[in-house]
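Take a look at the structure set out below.
The values are calculated or read from the model by the stated rules, or taken from the named source; none is laboratory data. All values derive from a computational prediction rather than experimental measurement. Cβ coordinates were reconstructed from backbone atoms using ideal geometry, including for glycine residues, and neighbour counts include every protein chain displayed. Areas reflect the complete protein model, heavy atoms only, side chains present, ligands, DNA and RNA absent. Shrake-Rupley method; radii C 1.70, N 1.55, O 1.52, S 1.80 Å.
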Amino acid sequence: PLVEPFDLVIFGGTGDLAVRKLLPALFHRFLDGQIPASSRIIGIAREALDDDGYRALLRQALVGICDAAKLDVFLQQVGYRSLDARKDDGWADFAALIKSQPEHVRVFYLSTSPDLFVDICGRLGEHGLNQGKSRVVLEKPIGRDLDSANRINDAVGRVFNESQTFRIDHYLGKETVQNLLVLRFGNALFEPLWNAGHIDHVQITVAETVGVGHRAGYYDHAGALRDMVQNHMLQLLCMVAMEPPSSLEPDAVRDEKLKVLNSLKVIDDSNVNQLTVRGQYRAGVAEGASVPGYPDELGDTKSNTETFVALKAEIGNWRWAGVPFYLRTGKRLPSRVSEIVVAFKPVPHSIFSADSGTLAQNRLVLRLQPDEGVKLWLTIKHPGPGGLRLRNVPLDMSFAEAFGVQQPDAYERLLLDVVRGNPTLFMRRDEVEAAWRWAGPVLAGWANSSESPRPYAAGTWGPSAAVALIERDGRTWHDES
Ligand code: BG6
């Protein structure tokens, strides 16, 4: 269905996220007929470009998606303005342009460094662009710690109220993540088992093959904990661990996630070396090609920024007492895979003899990417004569096979949720703060520790200490390869 007519303004319009993700997502929605003809998409950056220059830049990024004729029609709805958040020039004209369609929903997407959020919101406020059906979208990371996040949220909050503010975490827009809600709360099967009595542990892996490449400037100030764990991975953890909300109302869901974040046990100076492993990639082979190490890409051999983290988190509440959540993420790992593994406790007593084979844990695996799907690993009897032999096999549902459709990108869903004004899949201010409150002592623990991130060769699963982290507990990282 068509959404209300809207104007979407993307600050950071020439940036990587806008060009690689946001505009392609909008183009896909356009192709599905969801973008009203009077809607305008306006890229903003400091570069001196005009509408045609911007369209030419986007054409290169979008041309592979569909035939040129449709792309041309789409690009007619796209424009560009050059603005500097720290200078007055051009803002009045820009405001007049936006106000020329006063009945439209207005979305201001801040896809810039968080340093600019305050200035941009200030300008939007000065020009009255926070009035009417205006919404602001904040890309992660929101700040680099609790204090800076508070400063940003306070400043944004002076211009836009909380219901106008959409803090995006694109992992929440991924199909499988939404499916986790449906699996958990749309089936009677799982919920009775979804607790410390039956679940042995949970693993969340977000592995990437890419290095940081030209993002090194941003990345070196962030690192894997700020870039992936504080937001995406904690959000996944919340979706697994939260209590059943009473409805899908935005605050019903977000209240439950907040409780999980507030229940995370503290990792600080006293236990950071036992509970976390940091790594940094060195030269190696990724996807068949030799690639440089992180220090070479950055041009700085002294950087202590982690490109890999593995950690053991615990949630201090009745449901999850004693159930570890092992999280791991990194750049330049052997394959691109994101998955959540829920590992169940073994049967209490085995009736099978040792020569039948070993009983494996039941595992529920939610694959976020690639090959989105759900697998439930079960023990069965190996078919045929030859005695009773146990086999561990998956009940396997691939979404692509089952539904034969290409999964929409997370941003497609989320951008239209903003236009519709539905914040269920966005982070409320207190969630961001709670996540920083947990991440802060981890970062401080690292800063105070004499250890540096451990080197790992590109194309491997991170430092061996990450394997030791889970094996010490008598468990292993899930591996289907
Ligand atoms: C972004 C991070 O938020 O997520 C990137 O800043 C990371 O470093 C990306 O590569 C991963 O997203 P996806 O959707 O490709 O898994």
Within the bounds of segment 248-257, is there any residue that is open to solvent by less than 10 Å² (accessible area, probe 1.4 Å), away from the ligand (no atom under 12 Å from the Cβ), in contact (Cβ under 8 Å) with a residue 12 or more places away in the chain and not basic (Lys, Arg)? yes
Please state which of the following conditions Arg226 fails to meet, knowing it meets all the rest: (1) closer than 19 Å to Val206 by Cβ; (2) touching a strand residue (DSSP E or B) at 6+ places or on another chain (Cβ under 6 Å). (2)
Selection status of Gly157, part of a helix (DSSP H, G or I) and either touching an Asp or Glu at 6+ places or on another chain (Cβ under 6 Å) or away from the ligand (no atom under 16 Å from the Cβ) (or both): yes
Within segment 269-315, how many residues are among the acidic types (Asp, Glu), modelled with pLDDT of 95 or more and either farther than 25 Å from Gly440 by Cβ or more than 24 Å from the chain's Cα centre (by Cα) (or both)? 1
When the residues of segment 391-400 are narrowed to those that are touching a residue at least 24 places away in the same chain (Cβ under 8 Å) and exposed (fewer than 14 other Cβ atoms within 10 Å of the Cβ), which ends up nearest to Ala343 (Cα to Cα)? Arg391
Check on Arg123, within 27 Å of the chain's Cα centre (by Cα) and closer than 28 Å to Ile152 by Cβ: no
Taking the options Met242, Met228, name whichever one is more than 16 Å from the ligand (Cβ to nearest atom) and surrounded by 19 or more Cβ atoms within 10 Å (Cβ to Cβ). Met242
For residues that are small (Gly, Ala, Ser) and more than 16 Å from Arg475 (Cβ to Cβ), scanning just segment 319-335, find the one that is surrounded by the fewest Cβ atoms within 10 Å (Cβ to Cβ). Ala321
Subset of segment 200-220 that is open to solvent by less than 20 Å² (accessible area, probe 1.4 Å) and part of a strand (DSSP E or B) - its residue that is farthest from the ligand (Cβ to nearest atom): His201
Among the residues of segment 117-148, the number that are more than 22 Å from Leu414 (Cα to Cα) and touching a residue at least 60 places away in the same chain (Cβ under 8 Å) is 3
